[in-house]
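Asks: Below is the structure I would like to discuss, written out as structure tokens.
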Amino acid sequence: MSGWRRHTGLLVPLVVVAALVLWPIVTGKAADRESAFTLLKAVALASSLNILLGYSGYVSFGHIVFYGFGGYVGFYLLSAQGWPLWPALLAAGLAAGLLAFLLGAAILRLRGAYFALATIGVNEALKAFINNFEPFGGPIGMTLNFRVYQAYGGAAQALALAFYLAAALALAAVVVSHFVRVSRFGLGLQAIRENEDAAEIMGVVAPRAKTWAYVLSAVIPGAVGALFFFKNGNIEPHDAFPLHASIELLVMVMLGGQGTVLGPLLGALAYQGMRGYLVTSDFFGDIQLSVSGVLLLLIVLFIPTGAVGWLRRRVAPLRRVLA
Amino acid sequence: MQSLSLLLASLPDGVLLGLVYGLAAMGLTLIWGVMNVINLSHGPIITLGMFGTFFLFLRAGVNPYLGLFVIAAFGLLLGVLIYAVAVHRVINAPHLSSLLATFSVNMIIIGLGTAVFTTSPYNVDFSLGSLPLGPVTLLGTRLVAALVAILYAGALYLFLYRTRPGKFIRAVANNRAAAELMGIPSTRILALSFGLGTMLAAVSGALIATFFPFSILSGGSYELKSFVIGVLGGLGSPVGALLGGLILGLLEGIIPAFLESSWVPVIEFALFVLILLVRPAGLLGAKR
């Protein structure tokens, strides 16, 4: 495959992201924009996680650590150092990438469940550390002075700006995910996923490839974290490193189909949509977690390749479009 | 000098608690050792054990230590059920599948538990007095809980090394394919091992409930403790788990004498990651 045909897989994801951005613009409702923001955030995080999980097969159970760490770094620069939003987001992304680089050198040597456990440990250790770290406000966290928003034309304008930035980050995550998938680097990752020892023999420099996949999957969550807590106005250790959110991301990737570009995107939309419906419904409201659990179990047991993987296997003509 | 007296006060307590946490970790590590599955429904099962004590003691008036037998039987059956429904199909799948399958059980239990018990805290008002030993005072409930934990560990050891099903479990852990060729019914043995693992978790929850208040969400933090202990003692080594529990208990007893107690989890988890990196087989070096 050469030329544009290599990139047909990007078409549907781009259309979906564009539709998400247009939806609140068309309806013009602030509530819709908030929902779309949540969805775009989920898309950005799930697509990023997929770069590591889906392509290289390394299960990161504590991926939210990059979101929290980026959030803290960005928030600190915004509130204590008075940086503008743009460089703060960039710095947050780079900080998360640097953390992934340093961590990756150590923990990516572990395989399978040991790696998964280590990522949980890293998340909990960093959360506990920031709980004690006074410059970041310790257990109380930090609060943004309302005046910060005036630089962007008031709080309402800042919220709109945050929405477009979230859209840009989600788009970036999807595009990066696609280009990793079709690149030589991505092929190396997929070889590692299938059999790491064989991949190394075939000339894939596994430690380097894994580390860069880890870094790539961390940068955007870092920036998303900074953006979310900028919009939120305060940050606390408990909100920044929620372990269950890590697992929700895994569910999203799994639901849509790991190792595909469209899968995590669809999974994020489906999971958030389902959760929103269950939480507000009268019948399921109390046991929404159980219903989600049953659905997750059914998917894991019976459709382990996720929705996109299942469609690709069943409907051959879709293989070109659904990548 | 003040820190020394604080140390004397908190150290024995840490040891006693560590043994009880070690019992829970033993359940986690047994399941990992036999079938290479990290049981992410471990925490909620600990919590169910806690609620078991609560209802048996406060509603039915059963002595908490007699109630342990009921809770153990219930934990065993629940584990076999979880194995049959959620784990059996993914036992040979990549780790992500079994992690998510057991996590979905976690969600189901927590969701139902939240609907039934809400997330408000519960407390079992039970006391065995206290035992003063020189400058140290030991709480009766914690002392008995630690003894029960040791008793269970001993019973598990005897079961694994002195009985036929125990031998089968060790054989399956060692090499499932070879065990099957020798005529061992591996599916039944795997279900039994999972049941034993959840049984230990439920029993340790039942013991913890006699001295700490709890809610349906409490299991999560004990699950994390079990991970730390399991890795300290070597995943897959039930005896190591008890030792890991002791180490964790000692750390929780020693650290607050020198640092703010909020530093305890920082050190615990940093140690956890470090040991995974340098000695993934655990401090003892499991036999695998």
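All of the numbers you see were taken from the coordinates with simple rules; none came from a lab. Everything numeric in this text was worked out from a predicted model, so none of it was measured. With ideal geometry, Cβ positions are generated from the backbone for all residues, glycine too; neighbour counts draw on all protein chains shown.
Asks: Fewest Cβ neighbours within 10 Å first, please rank A:Phe75, B:Phe57 accordingly. Mind dumping the intermediate values first?
Replies: Values: A:Phe75 28, B:Phe57 21.
The fewest-first ordering by Cβ neighbours comes to B:Phe57, A:Phe75.
Asks: Dipole size in debye (nearest 20) for chain B around its Cα centre, Lys and Arg Cβ +1, Asp and Glu Cβ -1?
Replies: So the dipole magnitude of chain B works out to roughly 980 debye.
Asks: Could you size up the charge dipole of the protein assembly as shown around its Cα centre, putting +1 on the beta carbon of Lys and Arg and -1 on that of Asp and Glu, and report it in debye to the nearest 20?
Replies: Numbers: 34 positive and 20 negative charges, 394 e Å.
Taking the Cα centre of the protein assembly as shown as origin, the dipole is about 1900 debye.
Asks: With 23 Å as the limit, write out which pairs from B:Lys167/B:Lys225; A:Lys127/A:Lys231; A:Lys231/B:Lys225; A:Lys41/B:Lys225 have Cα-Cα distances beyond it, or answer none. Numbers along the way, then the final one.
Replies: Details: B:Lys167/B:Lys225 29 Å; A:Lys127/A:Lys231 21 Å; A:Lys231/B:Lys225 34 Å; A:Lys41/B:Lys225 31 Å.
Too far apart for the 23 Å limit: B:Lys167/B:Lys225; A:Lys231/B:Lys225; A:Lys41/B:Lys225.
Asks: OK, next. Charges only on Cβ, +1 for Lys and Arg, -1 for Asp and Glu: so what's the dipole of the range B:157-288 about the Cα centre, in debye to the nearest 20? List each step's numbers first, then the result.
Replies: Working: 10 positive and 5 negative charges, 163 e Å.
For the range B:157-288, the charge dipole is close to 780 debye.
Asks: Pop the C-beta distance of A:Ile201 and A:Leu318 into the FRET formula with R0 = 51 Å and round what comes out to the nearest 0.05.
Replies: Details: r = 34 Å, r/R0 = 0.66.
That gives a FRET efficiency of 0.90.
Asks: Would you mind ranking A:Ile303, A:Ile120 so that the residue whose beta carbon has the fewest other beta carbons within 10 Å leads the list?
Replies: Details: A:Ile303 14, A:Ile120 25.
In increasing order of surrounding Cβ atoms, one gets A:Ile303, A:Ile120.
Asks: Using Cα atoms only, what is the angle between the long axis of helix B:186-208 and the major principal axis of chain B, expressed in degrees (0 to 90) to the nearest 10?
Replies: Roughly 10 degrees, rounded to the nearest 10.
Asks: Could I ask something else about it? Taking H placed 1.01 Å from N in the peptide plane, check which residues at least 5 places from A:Phe133 or on another chain put their amide H under 5 Å from its amide H.
Replies: Under 5 Å from the amide H of A:Phe133: A:Gly138.
Asks: Also: Could you point to the residue in B:Leu4, A:Tyr72, A:Met252 farthest towards the positive end of the protein assembly as shown's charge dipole, with +1 and -1 charges on the Cβ of Lys/Arg and Asp/Glu respectively?
Replies: A:Met252
Asks: Relative contact order of chain A: what whole-number percent is it, with Cα pairs under 8 angstrom and at least 6 residues apart? Could you put the intermediate results ahead of the total?
Replies: On the way: 512 pairs, mean separation 102.3, N = 323.
Value for chain A: 32 percent.
Asks: Now for a different question. Rank A:Gly293, A:Gly141, B:Leu259 by how far each Cα sits towards the positive end of the charge dipole of the protein assembly as shown (+1 on Lys, Arg Cβ; -1 on Asp, Glu Cβ) and give me just the farthest.
Replies: The Cα lying farthest towards the positive end belongs to A:Gly293.
Asks: Spin-label point model (7 Å from Cα, Cβ direction): what's the A:Val294 to A:Trp23 distance in nm?
Replies: So the label points at A:Val294 and A:Trp23 sit 2.6 nm apart.
Asks: Can I ask one more? Ranking B:Met50, B:Met199 by Cβ neighbours within 10 Å, fewest first, what do you get?
Replies: On the way: B:Met50 29, B:Met199 26.
So the ranking, lowest neighbour count to highest, is B:Met199, B:Met50.
Asks: Positive end of the dipole of the protein assembly as shown, charges at C-beta (+1 Lys, Arg; -1 Asp, Glu), about the Cα centre: which of A:Gly233, B:Phe227, B:Phe54 has its Cα farthest in that direction?
Replies: Going by the Cα projections, it comes out as B:Phe227.
Asks: Still on this structure, please answer the following. If each DSSP helix of 4+ residues adds -39,500 (n - 2.57) and the sum is divided by the residues in chain B, what number results at 222 nm, nearest 500 deg cm²/dmol?
Replies: On the way: 11 runs with 203 residues, N = 288.
Mean residue ellipticity, 222 nm, calculated: -24000 deg cm²/dmol.
Asks: Find how many whole Å separate the alpha carbon centroid of the range B:104-133 from the alpha carbon centroid of the range A:246-269.
Replies: Comparing the Cα centres of the range A:246-269 and the range B:104-133, I get a distance of 33 Å.
Asks: If you don't mind, another one. How far is helix B:238-258 tilted off the main Cα axis of chain B, in degrees rounded to 10, range 0 to 90?
Replies: So the helix axis and the longest Cα principal axis differ by about 30 degrees.
Asks: Testing the spin-label approximation: label points 7 Å from Cα along Cα→Cβ at A:Met274 and A:Leu187. State their distance in nm.
Replies: In this crude label model, A:Met274 to A:Leu187 measures out at 3.5 nm.
Asks: Residue separation times 0.36 nm, minus the C-alpha to C-alpha distance between A:Phe101 and A:Asp32: what's the value? All intermediate terms of the calculation are to be shown ahead of the outcome.
Replies: Numbers: separation 69, 0.36 × 69 = 24.84 nm, distance 3.69 nm.
Net length gain for the segment: 21.2 nm.
Asks: Something else now. Out of every Cα-Cα pair in chain A, what percent are more than 35 Å apart? Present the calculation step by step, with values, prior to reporting the outcome.
Replies: Details: 9690 of 52003 pairs.
Of the Cα pairs, 19 percent sit more than 35 Å apart.
Asks: Once the Cα atoms of the protein assembly as shown are picked out, what are the Rg and Dmax in Å?
Replies: 24.9, 82
Asks: Moving on. What 222 nm value per residue comes from the helices of chain A, counting each DSSP H run with n ≥ 4 as -39,500 (n - 2.57) and dividing by all residues, nearest 500 deg cm²/dmol?
Replies: On the way: 14 runs with 229 residues, N = 323.
Using -39500 (n - 2.57) per qualifying helix, the result is -23500 deg cm²/dmol.
Asks: Could you work out the relative contact order of the range A:175-295? I mean the mean sequence separation of Cα pairs under 8 Å and 6+ apart, divided by the number of residues, in percent.
Replies: 13 percent
Asks: Moving on to the next point. Can you give the relative contact order of the range A:55-187 as a percent, counting alpha carbon pairs under 8 Å and 6+ residues apart? Provide the component values of the computation, followed by the final result.
Replies: Values: 86 pairs, mean separation 37.0, N = 133.
Averaging sequence separation for qualifying contacts and normalising by length gives 28 percent for the range A:55-187.
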